[in-house]
Each structure stands twice: as C-alpha cells, then as structure tokens.
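What follows is a short report on a single structure.
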Amino acid sequence: MGPKHGVARGVAVFTSSESRGSDVIDGLLPESEGLRQWSKEHGVDLQEDSASLEVLDAHLDAWNLDPSRHGRVDLSNEIGVYIGNVIVKHVAGSHWRVWPNGHPVVALSSGLEMDVTSMVNDRLNRIGPSLSSLYAMALSD
C-alpha cells in the first residue's frame, strides 16, 4: 500500500544496514506529543485503544480545518504514527517495518503492510475510511 522506494512521505526512519527487526523502530518514531497536547486542549484524552480512535475520528474534520493547528500538530503524520502504535499494541502479530526508503509501515501477520500515514492522509482528505475502519481492517487480516 504505497511506494517502497523513492522519497519517504511524512515520517522517515533511518537506521544502519545492519539493523534488523521491529525492535529497531522502538524509540525512533515520534510519540505524537503534538497530537496528544492538541487533543487534551480540545477535551480528548488519548488512551491508545479502539475507543480513542472513534473519539479522535469524530474530531478530525473540525481539527483538520482549524488553521491554529498548523505548526503545532501534523495530523497526517502524528495520527498515522498514533494509529500504527494502537495496531501494534493490540493486533497480534503486527509490528512496525521500515521500507527501503525509510518510510515506516505496520506489517500484519498475514504479510499485508499498512501505510498508516498515507491512509490517515486519505481520511483527512475525505477519500479514505475512518480510523476505526483502519483498525478493524488490521484486526480482520
């Protein structure tokens, strides 16, 4: 789901050629601090679970249109990393994987790779499924 070569979009993770496995990614992806702060300021407490995805999704359209978020929170990337972390935490066999261009994706046990930042970008542009649907897709794979 997305290009593995060329310039990484949004978030990129670079490691040495000797690095292997999802343990490399731990600590390298941003923790969505801008998103967490923005959410708290708007009455949403993110708990890294499916219920938080539903609440977050309900606010996305308004937050996406709010110009005050620019420079404070990058919704596509931070929510992409956030939902990726929720999937990795709750979906058995899933883990972060880095494509050759440095772009992080969530690999599911079936081998399917979810480009979560691109999928969230589609959601923000109203051409993609809800965050809950993305999570359900990962659960059903």
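Computed 3J(HN,Hα) for the stretch 67-79, one whole-Hz value per residue from the Karplus formula 6.51 cos²θ - 1.76 cosθ + 1.60 where θ = phi - 60°, is x, 5, 6, 4, x, 10, 8, 9, 4, 4, 6, 5, 6, glycine and proline marked x. Under 1.5 on a/c is rounded, so check that first for the stretch 71-121, then, if it is not, pick prolate when a/b is larger than b/c and oblate when it is not; a ≥ b ≥ c are the square roots of the alpha carbon gyration tensor eigenvalues. Taking the square roots of the gyration eigenvalues as a ≥ b ≥ c, the stretch 71-121 is oblate. Between ASP49 and SER132, the modelled label-to-label distance comes to 1.5 nm, taking each label 7 Å out from Cα in the direction of the beta carbon. Gain on full extension, evaluated as 0.36 nm per residue between LYS40 and ASP141 minus their Cα-Cα distance, stands at 33.2 nm. Counting other Cβ atoms within 10 Å, keep those with at most 15, restrict to DSSP loop, and tell me which trypsin sites (Lys or Arg not before Pro) in the stretch 60-141 are left. For trypsin sites (Lys or Arg not before Pro) across the stretch 60-141 that sit outside H, G, I, E and B with at most 15 neighbouring Cβ atoms in 10 Å, the list reads ARG72, ARG126.
Within a Cβ distance under 13 Å of TRP38, other residues only, what is the Lys/Arg minus Asp/Glu net charge? Summing Lys/Arg as +1 and Asp/Glu as -1 gives -2. Once the Cβ-Cβ distance between ARG69 and ALA92 is put in as r, and R0 is 30 Å, what FRET efficiency do you end up with, to the nearest 0.05? It comes to 0.30. Once you have a ≥ b ≥ c as the square roots of the Cα gyration tensor eigenvalues for the stretch 39-133, tell me rounded if a/c is under 1.5, and otherwise prolate or oblate according to whether a/b is larger than b/c. Prolate, since a/c reaches 1.5 and a/b exceeds b/c. Applying both filters, DSSP loop and at most 13 other Cβ atoms within 10 Å, to the GluC sites (Glu not before Pro) of the stretch 30-113 gives GLU31.
Computed from the coordinates by the stated procedures, all read-outs in this text should not be read as laboratory data. Only a predicted model underlies this, so the values are computations on that prediction, with no experimental measurement involved. Glycine also receives a Cβ, built like all others from the backbone with ideal geometry; neighbour counts cover every protein chain displayed.
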